[in-house]
1. Over 14 Å, how big is the tail of the calculated P(r) for region B:117-181, in percent of all Cα pairs?
2. Report the dimensions of region A:1-72 along its three principal axes from the alpha-carbon atoms, largest first, rounded to Å.
3. Could you work out the helix-only [θ] at 222 nm for chain A, with each DSSP H run of four or more residues adding -39,500 (n - 2.57) and the total divided by the number of residues, to the nearest 500 deg cm²/dmol?
4. Roughly how many debye, to the nearest 20, is the charge dipole of region A:46-195 about its Cα centre, given +1 on each Lys and Arg Cβ, -1 on each Asp and Glu Cβ, and no other charges?
5. Charges on Cβ only, +1 for Lys and Arg, -1 for Asp and Glu, centred on the Cα centroid of the protein assembly as shown; of B:L153, B:A64, B:G136, which one is farthest towards the dipole's positive end?
6. Starting from the Cα of A:R70, step 7 Å along the direction of its Cβ; do the same at A:T30; then give the gap between the two resulting points in nm.
7. Cα centroid distance between region A:46-64 and region B:108-173, in Å?
8. Once the protein assembly as shown is represented by equal point scatterers at the alpha-carbon sites, with solvent omitted, what log10 I(q)/I(0) does the Debye formula produce at q = 0.06, 0.09 Å⁻¹?
Amino acid sequence: MNLAVIQYNAGNIRSVLFALDRLGVKADLTGDPDRIRRADKVIFPGVGEANTTMRFLREKGLDEVIRSLRQPVLGICLGMQLLCDHSEENDTECLGIIPQHVRLFRPQSGEKVPHMGWNTLELSPDSWLGSDLQDQFVYFVHSYYVEPGPYTAASTHYVQPFSSVVRKDNFYATQFHPEKSGKVGEAILRTFLDI
Amino acid sequence: MLAKRIIPCLDIKEGRTVKGINFVDLRDAGDPVELGAMYSEQGADELVFLDITATHEKRKTLAALAHEIAANLSIPFTIGGGISSLGDVEALLHAGADKISVNSAAVRRPALIEELAGNFGSQFVVLAVDAKHINGEWFVYLNGGRIATEIRLLDWVKEAENLGAGEILFTSMDHDGVKTGFANDILAAVSETVSVPVIASGGAGKMEHFYEVFTRGKADAGLAASIFHFQEIGIAELKKYLSDKGVPVRI
């Protein structure tokens, strides 16, 4: 399998490559549109700020590339948020693949922001994750969230329920970091690789 | 529900763990990766590696260590100890570190926090702070507690948060190593002063101490070293105890 990991100005892409390595998968870390288009599967990782990242993707023409992909794509963290229509983080227009808004956590009872640490998954019916992961813990670090909606494959509760996993057509995404979520995270990456 | 985190801390010198590691089942108790993997297996939620090397080669050995850990462990980890420049941090980021912690260098030059957060994101920047209780006030100390300052703890953590620190790792020097419990009152005050997560350090001796720090101390995570290294408390047993007492933990 030819797996591309999209390289852009994001932090800690290295962890994703290490996690894939542990699963025995050699990935192609690349920002080259042709290599991304030709891959069997694509991972769109991300740690960073929405506006700067979208500007970078547009400058490189990667926004169009990502929208045009028909093979399975996995967005991670900021990668998931950027698949949506719009983010409140510096009022950013995103890729518009998943028709949802990304909002800032506004705690009502003293919860900390960012939402940082291990929290549980509540699976939606027929989730692409399979049924074994109900109530399993995964590792989150984020201040913005995707509202629950028709594309939610799992939700998590922090301040209010939000989408921790989504899927629309060939676009899959997780708000948490599967590459940092121990065995549960490895199982999720494996599920995506086996699609 | 968001779980309270249990974090073992490992002291590193020249790429090896030092100080009181006492495990019978390990091939090489000095190997940070092997020890980290064992803690991860037992249910540690995160790891902190604190480098106490003081040589010119430090940047290189630390980045090599971060690379080794990131390649082999699938839980988040923080690296800290004498970090004072963007260059140090960039090397660690590229090696695969999830977070770095800064301490004295940030007190001496607070703009460092702003530069780190601006370049790498707040989620990458942990502010470590050591403090002592003197005449009814908590003051910040530098260089592992050797140098006093007149900076008030609560003022400093608030400023650090405003500059972009994504998490606070607070060590009470009055409680560190004494094993009589965490500094719960000031921890609760730190937690109420900032809106970012707080890691409590210093004072863990019994399982009850973790229960207290997560309830009365309002901490988001509890960090300890020797009680885990000497197997006085097992991580799995600690988490079971906390869970039975109604504290949300990842089991």
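Where a number appears in this text, it was derived from the coordinates with a stated rule and is not lab data. Because the structure is a prediction, the values reported are computed rather than measured. All Cβ positions, glycine included, derive from the backbone under ideal geometry; neighbour counts span all protein chains shown.
1. Beyond 14 Å sits 59 percent of the P(r) for region B:117-181.
2. 33, 25, 16
3. Details: 6 runs with 49 residues, N = 195.
About -7000 deg cm²/dmol.
4. Computed charge dipole of region A:46-195: roughly 180 debye.
5. B:A64
6. It is 1.9 nm.
7. Region A:46-64 and region B:108-173 have Cα centres spaced 33 Å from each other.
8. With one equal scatterer per Cα and no solvent, log10 I(q)/I(0) is -0.24, -0.55.
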